[in-house]
Amino acid sequence: MPHTTAHTAATSPLRARDLLHPIVAGLISVIVNYGGTFILVFQAARVAGLDAAHTASWVWSISIGVGVTGLWLSWATRAPIITAWSTPAAAFLVTALATTPYAEAVGAYLVSAAAFVALGLSGYFERVIRLIPPGVASGLLAGILLPFGMRAFGGMAVDPALALLLIVAYVVLKRTAARYAVVGILLLGLAFLLLQQRVDLSGLSLQLAAPVYTAPAWSLNSLLSVALPLFLITLTGQYMPGMLVLRNDGFATSANPIVTVTGLGSLLMAFFGAHAFNLAAITAAIATGPEAHEDPSKRWIAGVAAGLCYILVGVFGVTLAAVFMALPATFITTLAGLALLGTIGGSLAGALADARTREASLITFLVAAANIQLLGIGGAFWGLVIGLLAHAVLHGAIPWRKQATDPVTPIAAALIKKV
């Protein structure tokens, strides 16, 4: 991986000028999440036949839950822990809720969340993450992020003026003021859209959301057809790549408290409609790399900023989520892709750095980029499985890394000890 040492707590005092970049990185991760895939939540709610109150409760519960857990974990560990709802799980629910009563779906959410709490407390997930060879991990991350980088430039065929403006501005700012490249294209893009009157805020009226309790129900069918797939999809599609994002940028925070805290949050918020929230993968990469802050020990601010933004959106329910979703798709995809360029480049460099393991890492990268969908499980899982098998065949065995407990901050150590 590009970084081999763990980042520890801040070694220099926090100054006002340290806030801008991580706050913008956190904001961009939130915009990309809501503007990119949140529509799946509304589609699933429509399929389930939910009324406006239950739909707003779903938005409230998942936004508040994601915000509070991400904020707390980032503050406690001094690492940029970006949490998010499970996007592959939301896509799965668009189909599953058509045949599953909503009360039984809530019961399935509870079972899945309880399983994550148990997994986090057991410590097994952290052990699995440590066993993945560095080249395979970097190849997997690069493959997952590659489509986002490609879509940044694919937008020129859909909305050439907007996409070209952002791309040219990014390159120019990288040459003249590299630290402000991502901040600059965010502000420039928003100004361009407002001047073209492509973001209509005239009908915006902030309305407080209210949680609606749903009594859970259970059945064997919902446990097998909703709870089990929900757990597996979230584990392989979110937690595993999410932890590899952190490791790729040198953060050695243990997975145990992350899985436990997000599992507990999901358990509590499931009664109000939240299907699952977890460690983010794609949007996390926006906040964990050098674009968020040149000093890794300051990047935790991005996690706190993202958490506060999620809480703000949750308080106002559907209203603010709708604003982010109203942004043009080209703006979202181009912004995300350009913000991830550094991480994609670093991951590719890490994957191909060791000539001996380069082929297995390249296979991992290509399989993950292909995003194979088999047995209802996404490309991240299959990229990892096939990459590990290739590594074993090419080298006779997978070189499991025997590591001592990763160094963490005193606050994180105390948190880990508790959970």
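Here is how the numbers come out for the structure above:
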{"read-out": "Residue that is small (G, A, S) and either open to solvent by less than 10 Å² (accessible area, probe 1.4 Å) or in contact with a helix residue (DSSP H, G or I) (Cβ under 6 Å, 6 or more places away or on another chain) (or both), where the choices are A336, A353, A329, A349", "value": "A336"}
{"read-out": "Those residues of the range 25-65 which are open to solvent by less than 20 Å² (accessible area, probe 1.4 Å) and within 14 Å of V183 (Cβ to Cβ), in sequence order", "value": "A25, G26, I28, S29, I31"}
{"read-out": "Residues located in the range 272-308, provided they are at pLDDT below 90, open to solvent by 20 Å² or more (accessible area, probe 1.4 Å) and not in a loop (DSSP other than H, G, I, E, B)", "value": "I282, P296"}
{"read-out": "Yes/no for R175 being within 23 Å of the chain's Cα centre (by Cα), surrounded by fewer than 17 Cβ atoms within 10 Å (Cβ to Cβ), among the basic types (K, R) and part of a helix (DSSP H, G or I)", "value": "no"}
{"read-out": "Positions within the range 85-123 being surrounded by fewer than 23 Cβ atoms within 10 Å (Cβ to Cβ), within 18 Å of N256 (Cα to Cα) and either of a type in the set (A, V, I, L, M) or in contact with a strand residue (DSSP E or B) (Cβ under 8 Å, 6 or more places away or on another chain) (or both), in sequence order", "value": "A114, A115, V117, A118, L119, L121"}
{"read-out": "Test: residue in the range 258-271 that is more than 21 Å from I311 (Cα to Cα) and not β-branched (V, I, T)", "value": "no"}
{"read-out": "Members of the range 225-271 found to be within 20 Å of A368 (Cα to Cα), at pLDDT 85 or above and not hydrophobic (A, V, I, L, M, F, W, C), listed by number", "value": "Y239, G242"}
{"read-out": "Residues of the range 6-42 satisfying the condition of being among the polar types (S, T, N, Q) and at pLDDT 75 or above", "value": "S29, N33"}
{"read-out": "Residue within the range 74-91 that is charged (D, E, K, R) and modelled with pLDDT under 85 present", "value": "no"}
{"read-out": "Matching residues, the range 124-161, being open to solvent by 80 Å² or more (accessible area, probe 1.4 Å) and within 16 Å of L244 (Cα to Cα)", "value": "Y124, R127"}
{"read-out": "Candidates A181, A103 - the one that is within 24 Å of L341 (Cβ to Cβ) and of a type in the set (G, A, S)", "value": "A181"}
{"read-out": "Residue in the range 77-87 that is in a helix (DSSP H, G or I) and not β-branched (V, I, T) present", "value": "no"}
{"read-out": "Test: residue in the range 325-343 that is among the hydroxyl-bearing types (S, T, Y), under 23 Å from M150 (Cβ atoms) and at pLDDT below 80", "value": "yes"}
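Each row is one residue, and each column tells you yes or no for (1) in a helix (DSSP H, G or I); (2) among the polar types (S, T, N, Q); (3) open to solvent by 30 Å² or more (accessible area, probe 1.4 Å).
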| residue | (1), (2), (3) |
| --- | --- |
| A163 | yes, no, no |
| Y170 | yes, no, no |
| L190 | yes, no, yes |
| A209 | no, no, no |
| L224 | yes, no, yes |
| T234 | yes, yes, no |
| Q238 | yes, yes, no |
| P241 | yes, no, no |
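The values are calculated or read from the model by the stated rules, or taken from the named source; none is laboratory data. If you're wondering where the values come from, they're calculated on a predicted model, not measured in any experiment. A quick note on method: Cβ atoms are made from the backbone with ideal geometry, for glycine too, and the neighbour counts reach across all protein chains shown. Side chains included, ligands, DNA and RNA excluded: accessible areas come from the protein's heavy atoms. Shrake-Rupley method; radii C 1.70, N 1.55, O 1.52, S 1.80 Å.
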